[in-house]
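Heads up: the structure comes next, in structure tokens.
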Amino acid sequence: MPRPKTHDETLREKLLDRAARLLASGGPGALGLRGLAQDVGTSTTAVYALFGGKPGLLRELFLDAFRRFGARLAEVPVTGDPAHDLVQLGLAYRAAALADPHLYPALFGAPEPDEQTAEAAAAALAPLLAAARRGVEQGVFAAGSAEELANSVWSLAHGLVSLELGGRLLPGPDPAQSYPRALEAHTRGWLAPLS
């Protein structure tokens, strides 16, 4: 009779969730395997069995964060208006960050890059690049590459979200109202002039 599996998917998810929260609240120094295991009610043996150690745990946390993040962006409907789609993707970026603020820092605390982590990041941002490509191909956007446009929208969304999550936005309108305006103005700046 086989032994019951004690290091299951539920324990894996608990460890990833707690690790993300520790990283978000205290940075990399706050993540010790012994403390993590104790917080979750398991042993360091479980962490090693599931992840192979701290580097494996951080790598899985990075992959999990990008999977969740990418799923949110993939939910944005594709319309016939790429400029509108870019704005909606920027808003979905914010919604993803606010839904999982403890995972957001994991997106940018990349482990040793490898093919799988690069693919996970690219897959998550694929809807943004696809909308930019559609707009460039349709002549909606002025000179520049789709990659430049996607990076530009991403950097604006990332900057705003990082400031908001860090409590650093200047006092003013509610971000729920100011984000769409900022994204729309930014995207308008890329529009091709009307002939």
Hey, any hits in the stretch 83-103 for a residue that's aliphatic (A, V, I, L, M), open to solvent by less than 50 Å² (accessible area, probe 1.4 Å) and within 16 Å of residue 11 (Cβ to Cβ)?
no
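Here's the yes/no breakdown for (1) under 12 Å from the mean Cα position of the chain (by Cα); (2) at pLDDT below 95:
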| site | (1), (2) |
| --- | --- |
| 91 | no, no |
| 104 | yes, yes |
| 127 | no, no |
| 183 | no, no |
| 186 | no, yes |
| 189 | no, yes |
Kindly indicate whether residue 42 is over 28 Å from residue 165 (Cα atoms), surrounded by fewer than 19 Cβ atoms within 10 Å (Cβ to Cβ) and in contact (Cβ under 8 Å) with a residue 24 or more places away in the chain.
yes
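Can you pull out every residue in the stretch 115-125 that is within 16 Å of the chain's Cα centre (by Cα) and open to solvent by 40 Å² or more (accessible area, probe 1.4 Å)?
From the stretch 115-125, those within 16 Å of the chain's Cα centre (by Cα) are 116-125; that's our starting set.
Scanning the stretch 115-125 gives 116, 118, 119, 122, 123.
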Against the condition surrounded by fewer than 21 Cβ atoms within 10 Å (Cβ to Cβ), among the acidic types (Asp, Glu) and assigned to a loop (DSSP other than H, G, I, E, B), how does residue 112 come out, does it pass?
yes
In the set 163, 128, 194, 170, which member is closer than 24 Å to residue 68 by Cα and surrounded by fewer than 19 Cβ atoms within 10 Å (Cβ to Cβ)?
163
So, restricting to helices (runs of 4 or more DSSP H) that lie completely within the stretch 2-86, which ones have at least 2 residues that are at negative phi and within 19 Å of the chain's Cα centre (by Cα)?
9-26, 54-74
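The values are calculated or read from the model by the stated rules, or taken from the named source; none is laboratory data. Keep in mind the model is a prediction, meaning the values are calculated, not measured. All Cβ positions, glycine included, derive from the backbone under ideal geometry; neighbour counts span all protein chains shown. Surface accessibility is based on the protein's heavy atoms, side chains included, excluding ligands, DNA and RNA. Shrake-Rupley method; radii C 1.70, N 1.55, O 1.52, S 1.80 Å.
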